[in-house]
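Heads up, the thing below is written out as structure tokens.
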Amino acid sequence: MGCWGITAFESDTGLDTVDFIRSKLPENGMLELEKIIEEMRQKEWCVPEVTDLASHTGPMALAEMIVKFQDEDISDMDYDGEWAANQNKFSKVKSFTVTGESVQWLRNYLAHALGCIKEEAELAANSDRKWGGWFEEEDWNGWQEHMSMLISRMDSILMSQEDDLIPSKEQTSGPVMGEIS
């Protein structure tokens, strides 16, 4: 089917990447970006050379996942059907740790991919790749904005002091009414 939107979650390769990562989720619920990247880099389809101008959907899907964890919006990453009952679930992830080095690698990959594709689109302005391979100029522009947003979010992570993308669920209210302290 290919692609039906501008995000990685709207493409076969992006969803294949999510399934690949799902299959690697640790049983203890402690997800590490560095290990995910290591696993992905062993699969050429998942992380192609930036300069090949191939689909860079694998790293894009990973960045989108990071944003979903940051925004606490991972509900659409797990399947609810009976057929998926035995699959690993992102909702079981308790911790998603990142290192500056791993976020920097992902950020640089996305930025380099965006730059290479923009450069190629400029060179191919009068061919079928004039919009970076997109059929519509609107999609080409939307994809560039989306990639820029992902890069910006990676920059924000790099600037923060946090190394866990999942906020702790500590109790912030006082004692339960009627409880004696």
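The numbers here are math on the coordinates, done by the rules we state, and not lab data. Quick caveat: nothing in here was measured; it's all calculated off a predicted structure. Backbone-built Cβ (ideal geometry, glycine too); neighbour counts: all protein chains shown.
Odds and ends about this structure:
- Calculated SAXS-style log₁₀ I(q)/I(0) at q = 0.11, 0.15 Å⁻¹ - the stretch 57-127, Debye, Cα scatterers: -0.44, -0.68
- Packing here is the average count of other Cβ atoms within 10 Å per residue, and on that basis the peptides 104-110, 139-145, highest first, run 104-110, 139-145.
- J(HN,Hα) series, the stretch 29-37, from Karplus relation 6.51 cos²θ - 1.76 cosθ + 1.60, nearest Hz, glycine and proline x: x, 9, 8, 10, 4, 4, 6, 4, 4
- Kirkwood hydrodynamic radius computed over the chain comes to 17.8 Å, based on all pairs of distinct alpha carbons.
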